[in-house]
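S.K.: Next up is a structure, given as structure tokens.
Where a number appears in this text, it was derived from the coordinates with a stated rule and is not lab data. Here the structure is a predicted model, which is why all the values come from computation and not from measurement. All Cβ positions, even for glycine, are placed from backbone atoms using ideal geometry, and neighbour counts span all protein chains on display.
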Amino acid sequence: MRRSMLFLPGNTPNLILNGDSLGADAIILDLEDAVAPDQKDAARVLVRNALKTLEFRGIEKIIRINSLDTPYWKKDLDEMMPCRPELIMTPKTSCAEDVLQFDAYMSETEERLGFEKNSVRLMPLIETALGVENAYEIASASDRVVAIFLGAEDLSADLRCERTKEGKEIFYARGRIVMAARAAGKDAFDTPFTDVNDDEGIRADAALAKALGFTGKASISPRHLDAINEAFSPSEKEIDYAYEVLKTIRLAEQQGRGAVALLGKMIDKPIVMRAQQTIKMAEALGLGREDE
Amino acid sequence: MRFKLSKASCGTLESSDVYMELEPADEGIEIVLQSVVEKQFGDSIRALAAEMLSEAGIENAKLNMIDKGALECTLRARLETLIARAKGGEDA
């Protein structure tokens, strides 16, 4: 389960050490934008030691490495891969070839380390106009890719437009990323909401992302995590309905009936699938009902 | 020492971190530590620093450390980076 992903600067021990107590489903230990060029070496060693030493119980570790156009990305992978983070996030991924380049080096590294292939997964960060246009190719470039993630700050700069709270400028990109990810059978993650003090804003932004079909959303502040987790968790009403759907279907099967309705609405395959997803999520959150 | 040691620094003065400076010296290792946990962990911090300098083959140097409550994994990370920088090894 990956509703919320929290960015933590890779060279900041006090934030990293508390990474598993902030309420995020996943933490993104950032070796890229949050680290000055002359501190890349220090961040790499600090994150590597933290991954080796700290348990980070119950949360997923994602490492955002540096992009292909820097001299750092191979060193980042050399240091991080032995620690077996669940995911590597690759910034400025603009085409399938970018994914394949990371993938090839990760495969080589896994072989050298004696790891099973694809033991460390990839989440390409799409934050260029070219990347958005190539989103499906990026998502389906490799089995190693489990999700794609929209980065709106760099994208807005590439689009030469202002990044706004309302996010009209990224509406197309959001739709495109979700569509591409789902078409490729992968997850899609939404860009962070950057006003740390706007509680209403984050709720609306997370709700929009959920409504568009995103799997979850990234955050740059622990303050936003509750709103994100809430938006991407099923409500009690949704869970009740999901169990009712499955119960009705079971009953119809026992009675040999084909088409069935619940609350005046036909229950078809997509509704059943959605109910199953809701229950799976509810169970992962400890909200499942054993007696159903 | 088979390498030339340069002056180097690493870390920050933020909570849970440690700031360090290493510079060449004429004779032996000198470690100067200021720590918010001096009473409880001062000796073990100095011992860790001495051990890592020795493992790196550094025999003559002065190490200044200002510790703001860094955990051992942070101390080790900062020392490793500091030593690599002082030995003029890798760039970032």
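S.K.: For the stretch A:27-139, which helices (runs of 4 or more DSSP H) that fit wholly inside it have 1 or more residues that are farther than 15 Å from A:PRO9 by Cβ and within 14 Å of chain B (Cβ to nearest Cβ)?
M.R.: By residue number, A:40-53, A:73-80.
S.K.: Being surrounded by fewer than 17 Cβ atoms within 10 Å (Cβ to Cβ) and either in contact (Cβ under 8 Å) with a residue 24 or more places away in the chain or touching a helix residue (DSSP H, G or I) at 6+ places or on another chain (Cβ under 7 Å) (or both) is the filter here, so list the residues in the stretch B:55-92 that pass it.
M.R.: B:GLY57, B:GLU59, B:ASN60, B:LYS62, B:ASN64, B:GLY69, B:GLU72, B:GLY88, B:GLU90
S.K.: Looking only at the stretch B:68-80, decide whether some residue is more than 9 Å from every other protein chain (Cβ to nearest Cβ) and assigned to a loop (DSSP other than H, G, I, E, B).
M.R.: The answer is no; no qualifying residue exists.
S.K.: Residues that are surrounded by 15 or more Cβ atoms within 10 Å (Cβ to Cβ), assigned to a loop (DSSP other than H, G, I, E, B) and touching a Gly at 6+ places or on another chain (Cβ under 7 Å): does the stretch A:231-241 have at least one?
M.R.: Yes, some residue in the stretch A:231-241 is surrounded by 15 or more Cβ atoms within 10 Å (Cβ to Cβ), assigned to a loop (DSSP other than H, G, I, E, B) and touching a Gly at 6+ places or on another chain (Cβ under 7 Å).
S.K.: Follow-up. Taking the condition more than 9 Å from every other protein chain (Cβ to nearest Cβ), out of contact with any Pro (no Cβ under 7 Å at 6 or more places or on another chain) and in a helix (DSSP H, G or I), does B:LEU63 pass?
M.R.: No, not satisfied.
S.K.: Turning to a different aspect of this structure: Looking at the stretch A:158-170, is at least one residue in contact (Cβ under 8 Å) with a residue 40 or more places away in the chain and aliphatic (A, V, I, L, M)?
M.R.: No, every residue in the stretch A:158-170 fails to be in contact (Cβ under 8 Å) with a residue 40 or more places away in the chain and aliphatic (A, V, I, L, M).
S.K.: Does at least one position in the stretch B:38-50 carry a residue that is among the β-branched types (Val, Ile, Thr), closer than 28 Å to A:GLY19 by Cβ and within 14 Å of chain A (Cβ to nearest Cβ)?
M.R.: Checked against the condition, which is being among the β-branched types (Val, Ile, Thr), closer than 28 Å to A:GLY19 by Cβ and within 14 Å of chain A (Cβ to nearest Cβ), the stretch B:38-50 yields no hits at all.
S.K.: Specify which of the listed residues (A:PRO82, A:PRO91, A:PRO37) is closer than 30 Å to B:GLY88 by Cβ and touching a residue at least 40 places away in the same chain (Cβ under 8 Å).
M.R.: A:PRO91
S.K.: OK, next. Tell me, which helices (runs of 4 or more DSSP H) wholly within the stretch A:142-224 include 2 or more residues that are within 16 Å of A:THR93 (Cβ to Cβ)?
M.R.: A:152-159, A:171-183
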